[in-house]
Amino acid sequence: MKQQGLAFNYEMIQVLELEGMLSVAEVIIEGALARKESRGSHFRLDYPERDDTNWLRHTLAFMTPDGPRLEHKDVTITSYPPKERTY
């Protein structure tokens, strides 16, 4: 049903929310493809092991006209050193 009222344009709100969700999904996919390891809930069949030597770092994403640009920042380890999850 098409929105007829002047107070709120719910269709436009939904379009803008979808655009935001698609942008976040694109960043998640780019970050996952760039990370050559498995860590936490991020699991890759082609890289099943955790790789702290190369990937114990934050991934920062910036949206550009060409798509997401990824950078990395060192992790500062304080009270709780990271360790592999075991169940």
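The values are calculated or read from the model by the stated rules, or taken from the named source; none is laboratory data. Keep in mind it's a predicted model, so treat the numbers as computed, not measured. Here the Cβ positions follow ideal geometry from the backbone for every residue, glycine too, while neighbour counts run over all protein chains shown. SASA here: full protein model, heavy atoms, side chains in, ligands and nucleic acids out. Shrake-Rupley method; radii C 1.70, N 1.55, O 1.52, S 1.80 Å.
Scanning the stretch 62-77 for any residue that is part of a loop (DSSP other than H, G, I, E, B), open to solvent by 100 Å² or more (accessible area, probe 1.4 Å) and β-branched (V, I, T) turns up at least one such residue.
Among the residues of the stretch 26-40, none qualifies, meaning not one is open to solvent by 90 Å² or more (accessible area, probe 1.4 Å), part of a loop (DSSP other than H, G, I, E, B) and of a type outside the set (K, R). When Q14 is tested against the conditions (1) out of contact with any strand residue (DSSP E or B) (no Cβ under 6 Å at 6 or more places or on another chain); (2) part of a loop (DSSP other than H, G, I, E, B); (3) modelled with pLDDT of 90 or more; (4) not hydrophobic (A, V, I, L, M, F, W, C), the lone failure is (2). Entry remark, the stretch 49-60: residues being of a type in the set (A, V, I, L, M, F, W, C) and either open to solvent by 90 Å² or more (accessible area, probe 1.4 Å) or out of contact with any Asp or Glu (no Cβ under 7 Å at 6 or more places or on another chain) (or both) number 1 in total.
This table checks each residue for (1) in contact with a His (Cβ under 9 Å, 6 or more places away or on another chain); (2) under 18 Å from V24 (Cα atoms).
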residue	(1), (2)
R39	no, no
H42	no, yes
D51	no, no
R57	yes, no
F62	no, yes
P65	no, yes
R69	no, yes
H72	yes, yes
T76	no, no
